[in-house]
Amino acid sequence: WDNADFSRGVGTTFYQEFPTLNTAKPPFIRDVEAKVRRYVKSSYSAAWTLKITWEKAPAYAARTDTRRTITYQAILTTDGFRSYILMLYQEGGMQWDYTRLSATNVLIGYT
């Protein structure tokens, strides 16, 4: 994980909340539920979901390079008892030039 830097006016961050308890579920929520069910192999019905998108985010420090950006999402979802996060990256993976990042031990994912 590294810091995105929006100080040069390149890229944006936005979010969308989906309260779905006792309401009709849009296709996006049905897709999230299907992914959770597939990954954890159990039933899952979302009561609330938050989608956060970092679009065309340049790596910190943006003063060095704003041409290589990445678009990724974090989707937080819960049924009120269990909570999950889906990390989604644009096709093609990480576009930041990892040789220019301050950290040298680069890894996409989490432990």
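The values are calculated or read from the model by the stated rules, or taken from the named source; none is laboratory data. Because the structure is predicted, anything quoted here is derived from the model rather than measured. A quick note on method: Cβ atoms are made from the backbone with ideal geometry, for glycine too, and the neighbour counts reach across all protein chains shown. Just so you know, the surface numbers come from the protein's heavy atoms only, side chains and all, with ligands and any DNA or RNA stripped out. Shrake-Rupley method; radii C 1.70, N 1.55, O 1.52, S 1.80 Å.
Each residue in segment 52-111 was checked for being at pLDDT 80 or above, touching a Ser or Thr at 6+ places or on another chain (Cβ under 9 Å) and of a type in the set (Phe, Trp, Tyr), and 4 pass.
Among the residues making up segment 18-69, a single one is over 30 Å from Asn3 (Cα atoms), among the polar types (S, T, N, Q) and open to solvent by less than 20 Å² (accessible area, probe 1.4 Å): Thr20. Inside segment 1-37, residues that are assigned to a loop (DSSP other than H, G, I, E, B) and without any contact (Cβ under 8 Å) to a residue 24 or more places away in the chain make up a count of 6. Could you give every pair whose Cβ atoms fall below 8 Å, whose first residue belongs to segment 38-59 and is among the basic types (Lys, Arg), and whose second residue is outside any strand (DSSP E or B), counting only separations of at least 6 or pairs across chains? Close Cβ pairs satisfying both conditions: Lys51/Phe28; Lys56/Val10; Lys56/Gly11.
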